[in-house]
Amino acid sequence: MRHVRLGDSYLVRLDTDEEVVGAITRFAAEEKIDAGSLTGIGAVRDIVLGYFDRSAREYLRQTLTGEWEILSLSGNLALKDGRPFAHLHVTLGGREFQTLGGHLFEARVGATVELVVRPLPGYQLRTLDDATGLYLLDL
Ligand code: ZN
């Protein structure tokens, strides 16, 4: 991973084979980003997507094979149990130009992943919400 700070934001480049969610979480910890937003593009493989089944109060998980373009990655950064937590969603494009998307649990970088990370001042907590069973932004 490489990064440069430009004004209030960071440009971040993830390298081939890095795990995306872990790399973003480590970056937030190293740069002490306790709240923020991010966007990204690139390519990934070994992808695990989620869809939250609200009645079952759990995520359905789907593993994708092959390499996919990240058409859009967006998310936010907050603190969960005292540690940075990245909540990420992606829209992916396949070699037949089909699209799929969902909550991003994990993925390995293909050629590259390019992110813009925008820290927000202060910090933001996520706490367990009994009604949904999810760790929601504690606003
Ligand atoms: Zn989500």
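The values are calculated or read from the model by the stated rules, or taken from the named source; none is laboratory data. Here the structure is a predicted model, which is why all the values come from computation and not from measurement. Because the Cβ atoms are built from the backbone with ideal geometry, glycine has one as well, and the counts that use them run over all protein chains shown.
The set of residues in region 34-50 that are surrounded by 17 or more Cβ atoms within 10 Å (Cβ to Cβ), among the aliphatic types (A, V, I, L, M) and within 16 Å of the ligand (Cβ to nearest atom) comprises Leu38, Ile47, Leu49. Just one residue in the set Leu92, Leu64 is within 16 Å of the ligand (Cβ to nearest atom) and either buried (at least 17 other Cβ atoms within 10 Å of the Cβ) or more than 30 Å from Gly7 (Cα to Cα) (or both); that residue is Leu92.
Taking the criterion of being away from the ligand (no atom under 15 Å from the Cβ) and either of a type in the set (D, E, K, R) or out of contact with any strand residue (DSSP E or B) (no Cβ under 8 Å at 6 or more places or on another chain) (or both), the residues of region 67-89 that qualify are Glu67, Glu69, Asp81, Gly82, Arg83.
The set of residues in region 101-127 that are aliphatic (A, V, I, L, M) and more than 15 Å from the ligand (Cβ to nearest atom) comprises Val109, Ala111, Val113, Leu115, Val116, Val117, Leu120, Leu125.
Considering every residue within region 2-14, establish whether at least one is within 16 Å of the ligand (Cβ to nearest atom), modelled with pLDDT of 95 or more and not small (Gly, Ala, Ser). Looking through region 2-14, none of the residues is within 16 Å of the ligand (Cβ to nearest atom), modelled with pLDDT of 95 or more and not small (Gly, Ala, Ser).
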